[in-house]
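Some notes on the structure that comes next.
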Amino acid sequence: MSQTTYTVAIVGMGKRGKHHADAFHANSRFQVVGICDIDASRLEEAAASLDNPVTSTDADDLLSQTKPDVFCFCTLPNLRLEMIKLGVAHGTKLIDCEKPMALSTNEAVEIMQCVREAGIKTVVSHQHRYGEHYQKVEEIIASGALGRVHTVYGTATGWMMHMMTHLIDYIRWFNDEAEAEWVMGQASGRGKLSDAHPSPDYVAGIIQFANGVRGIVEAGAGAPDVPEVDYWWRKCRIGAQGTEGFAEVLTGGGWRAITRDSGGVLCGGGCMDYEHDMRPYVQQIADWLDNPQAVHPCNGESAFKGFEIMMGICRSVVARGQIQFPLGPGEPELEALARVLPDKPVLLSMPENAEEYL
Ligand SMILES: NC(=O)c1ccc[n+]([C@@H]2O[C@H](COP(=O)([O-])OP(=O)(O)OC[C@H]3O[C@@H](n4cnc5c(N)ncnc54)[C@H](O)[C@@H]3O)[C@@H](O)[C@H]2O)c1
């Protein structure tokens, strides 16, 4: 039986746009029919390696010309709702976009309203989970070999809007995709509030999941070093502890575990690899389009729950104390943080962080 080929148009031909475009191009279930960037030189370069699809410097124009099944956009975080509205207006079946899904709860809520009303599937790129080391840790946790899981945790030295939705996505995966009941957080440092990924320099949060499991997340200048990993952006440690063991993944340095029956430390390799991780990510987009039951693991509804947790932690910094879910609309979190965070330099967890944060 012949399978449908899904057409794809991609907006933003920077680092990540090219990763998405190359992965769609390499998969026979997709045809890249168009690419867009406001920087025409980036377009020219990318088009040659994608069998010269339609090119445009305007996203609306590209979608009008190509009417794709899949609309992928990989712009910086300041462009989300506007792109979603374009995808809805042009009748796409699925929108694939980069994290973070928005810059505020208000924007994320509006995005979800738009796509739910239009019946459009959404996928948000938390693709690290396809790494063999991430898969191994999830497999150990899901097998029950840790006993009763009571704690899930994630840390990253990169700042919040870059890294924290990744952490939360993977700890929710390690915790049966449980939803949050409440969160509490604290933050420090104003330096990155004006970054293209606007964030406090350091943020830490406690999550009460509905299944009673405790979540702990930290991102930024004060998050602990992962000395086993050299590459700064991959100094992330994400794992679970149970009554009979623990299992954790280091984004740039494999995995390790002690389980009920291991009799010592188990460990293995693996390193975050865009090319490797994008292949199954894109394949599962085809699977979901083929079969509505085959919901993509990085689906937008799940990303929204993770994003809400991150924004709830920011709200806790501003309002103090615990923040109950669901959040609903409110003061945009980054503006609120800019209003309350004192102008004091952030304290570092390791000297290498000075380059980014001081
Ligand atoms: N999932 C991951 O592992 C991962 C890794 C790195 C970055 N990201 C995310 O990917 C997103 C993009 O990051 P990047 O590093 O590729 O950025 P980038 O700056 O390399 O690329 C963004 C591109 O968008 C283009 N652009 C800007 N406005 C546009 C518009 N109106 N229409 C068309 N094109 C436009 C820019 O010219 C640029 O080429 C960010 O949200 C970032 O957080 C995700």
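The values are calculated or read from the model by the stated rules, or taken from the named source; none is laboratory data. Predicted, not measured: the structure shown is a model, and the values here were computed from it. Ideal geometry is used to build each Cβ from the backbone, glycine not excepted, and the neighbour counts take in all protein chains shown. With ligands, DNA and RNA removed, areas are computed over all heavy atoms of the protein, side chains included. Shrake-Rupley method; radii C 1.70, N 1.55, O 1.52, S 1.80 Å.
Observations on the structure shown:
- Put simply, the amide H of residue 79, placed in the peptide plane, has no neighbours under 5 Å, leaving out anything fewer than 5 places away on its chain.
- 0 to 90° range, to nearest 10: angle between helix 105-118 axis and the chain longest Cα axis: 40 degrees
- For the range 236-358, the spread of Cα positions along each principal axis, largest first, Å: 46, 43, 34
- Label-to-label distance, nm, for residues given as residue 347 and residue 64 (7 Å Cα→Cβ offset): 5.7 nm
- Between the range 1-71 and the range 254-308, the C-alpha centres lie 25 angstrom from each other.
- If the segment from residue 2 to residue 118 were pulled out straight at 0.36 nm per residue, it would be longer than the present Cα-Cα gap by 38.9 nm.
- Translational diffusion coefficient (Stokes-Einstein; Kirkwood radius from C-alpha pairs) of the chain at 20 °C, 1.002 mPa s, in µm²/s: 102 µm²/s
- For the chain, accessible area per residue (1.4 Å probe, heavy atoms of protein chains only), Å²: 41 Å²
- For residue 260 and residue 293, the difference between the fully extended length at 0.36 nm per residue and the C-alpha to C-alpha distance is 8.4 nm.
- Part-to-part distance (alpha-carbon centres) for the range 101-154 and the range 155-200, which is given in Å: 13 Å
- Our coupling estimate for the range 38-49, obtained by passing each phi through the Karplus curve with A = 6.51, B = -1.76, C = 1.60 and θ = phi - 60°, is 6, 9, 4, 5, 5, 5, 4, 4, 6, 4, 4, 8 Hz, Gly and Pro reported as x.
- Over the chain: helical MRE at 222 nm, DSSP H runs n ≥ 4 each giving -39500 (n - 2.57), nearest 500: -11000 deg cm²/dmol
- Base-10 log of normalised Debye intensity for the range 144-191 (one unit scatterer per alpha-carbon) at q = 0.14, 0.30 Å⁻¹: -0.45, -1.30
- Local electrostatic count at residue 173 - Lys and Arg +1, Asp and Glu -1, tallied over other residues with Cβ under 10 Å: -2
- Debye, to nearest 20: dipole size of the range 1-55, +1 on Lys, Arg Cβ, -1 on Asp, Glu Cβ: 220 debye
- Over the range 308-358, all Cα pairs binned in 10 Å intervals from 0 give whole-percent P(r) values of 22, 39, 29, 9, listed from short to long.
- Cα→Cβ-extended label distance, 7 Å offset, between residue 135 and residue 49, nm: 2.4 nm
- Cα gyration tensor category, rounded, prolate or oblate, for the range 148-278 with a/c compared to 1.5: oblate
- Summary value for the range 256-325: 13 percent relative contact order, contacts being C-alpha pairs under 8 angstrom separated by 6+ residues.
- Taking 33, 123, 295 as the candidate residues, the one with maximal mean-square fluctuation in a Gaussian network model of the chain, Cα springs under 10 Å, is 295.
- With a Cα cut-off of under 14 Å and a minimum spacing of 8 residues unless on different chains, the lysine pairs in the chain number 7.
- Cα gyration tensor, the range 89-201 - rounded (a/c under 1.5), prolate or oblate: oblate
- Relative to its Kirkwood radius, the Cα radius of gyration of the range 103-154 gives an Rg/Rh of 1.16.
- Of all accessible heavy-atom area on the range 48-105, the percent that carbon and sulfur account for (1.4 Å): 48 percent
- Selection of trypsin sites (Lys or Arg not before Pro), the range 125-161, meeting DSSP coil and at most 11 other Cβ within 10 Å: 148
- The chain: most fluctuating residue of 21, 196, 48 per GNM, C-alpha cutoff 10 Å: 48
- With a Förster radius of 35 Å applied to the C-beta separation of residue 40 and residue 195, the computed FRET efficiency comes to 0.85.
- For the range 1-56, convex hull volume per residue from C-alpha positions, Å³: 64 Å³
- Point-charge dipole on Cβ atoms (K/R +1, D/E -1) for the range 252-358, about Cα centre, debye to 20: 500 debye
- Rounded, prolate or oblate (a/c below 1.5 giving rounded, otherwise prolate when a/b exceeds b/c) for the range 263-335 by Cα gyration tensor: oblate
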